[in-house]
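Q: Sending over a structure as structure tokens; questions will come in a sec.
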Amino acid sequence: MILGIIVSIELELQIASLAKTLPHPAQFREWVSLTLWQRIDTAELTIRIVDEEESADLNWQYRKKRGATNVLSFPYEIPPGIASNLLGDIIICAPIIEEEAKKYHKPLLAHWAHMVVHGILHLLGYNHELKTEAIEMESLETEILLQLNFPPPYGEIFKL
């Protein structure tokens with residue numbers, strides 16, 4: 001429950017990483033809930049925390065890009081005529097999150113929250129391929145992270 005609003009979420013959290021500094025499962029649930037709040041009432045999704053090898057394998061298999069990446073989103077494509085609350089899967093590479101947080105001088109927990117929010121927005125259909133799409137998505141990310149009491153992820157608050 002966030003701000004008195006109930007969002008029904010079935011969140012499967014899979015830890016397939018040796019990282020020692022992972023957020024608490026309750027934090028993942030809070031970030032998911034607030035991101036989905038006012039966008040969708042009921043959802044099922046999986047967040048899988050991985051190390052670099054699995055991230056790199058998936059990045060190559062599905063995007064034909066070499067190397068590990070911070071977050072991958074796999075939206076579930078609902079077949080016609082089927083009712084489903086399944087949003088999809090998010091894969092987050094723990095070592096990359098730690099490296100980026102240090103590199104960009106961000107609090108580690110804030111960067112984790114940002115990657116969860118970013119991944120969920122991709123599951124909801126948001127993208128950042130075009131400049132207008134990027135501005136919209138980054139604005140939403142900023143708004144959500146501010147509501148979670150984290151600093152703006154891009155160093156400023158975007159306005160549309």
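Q: Counting other Cβ atoms within 10 Å of each Cβ, which trypsin sites (Lys or Arg not before Pro) in the range 75-160 have at most 12 and sit in a DSSP loop? Each step should come with its number before you reach the end.
A: Values: sites: K102, K103, K131, K159; in loops: K159.
For trypsin sites (Lys or Arg not before Pro) across the range 75-160 that sit outside H, G, I, E and B with at most 12 neighbouring Cβ atoms in 10 Å, the list reads K159.
Q: Counting DSSP beta bridges with both partners in the range 8-147, what percentage is antiparallel, nearest 5?
A: Of the beta bridges lying entirely in the range 8-147, close to 25 percent run antiparallel.
Q: For L109 and A26 in one chain, what is 0.36 nm times their gap in residues minus the Cα-Cα distance, to one decimal in nm?
A: On the way: separation 83, 0.36 × 83 = 29.88 nm, distance 1.28 nm.
Result for the pair: 28.6 nm of gain on full extension.
Q: So, by mean Cβ neighbours within 10 angstrom, what's the order for 59-66, 111-118 with the highest one leading?
A: Packing proxy ranking, top to bottom: 111-118, 59-66.
Q: Hey, what did the range 8-147 get for relative contact order, percent, Cα under 8 Å, at least 6 apart?
A: Across the range 8-147, relative contact order equals 24 percent.
Q: Can you give the calculated 222 nm mean residue ellipticity of the chain, where each DSSP H run of n ≥ 4 adds -39,500 (n - 2.57) and the sum is split over every residue, rounded to the nearest 500 deg cm²/dmol?
A: Helix contribution divided over all residues of the chain: -13500 deg cm²/dmol.
Q: A follow-up question, please. Using label points projected 7 Å from each Cα along Cα→Cβ, tell me how many nm separate L13 and R63, to one decimal.
A: The modelled label-to-label distance comes out at 2.4 nm.
Q: With Cα extents along the principal axes in Å as the read-out, I listed (i) 38, 35, 34; (ii) 59, 34, 27; (iii) 46, 40, 35; which label goes with the value calculated from this structure?
A: (i)
Q: Within the range 8-35, whose backbone N sits under 12 Å from a point 7 Å along Cα→Cβ of Q147?
A: Inside the label zone: 31-35.
Q: Moving on to the next point. Can you flag which of K20/K64; K65/K102; K20/K106 are past 27 Å Cα-Cα? Show your work: numbers first, answer last.
A: Working: K20/K64 29 Å; K65/K102 24 Å; K20/K106 18 Å.
Violating the 27 Å limit, Cα to Cα: K20/K64.
Every number in this text was worked out from the coordinates using simple rules, so none of it is lab data. Everything numeric in this text was worked out from a predicted model, so none of it was measured. Neighbour counts run over all protein chains shown; Cβ positions are idealised from the backbone, glycine included.
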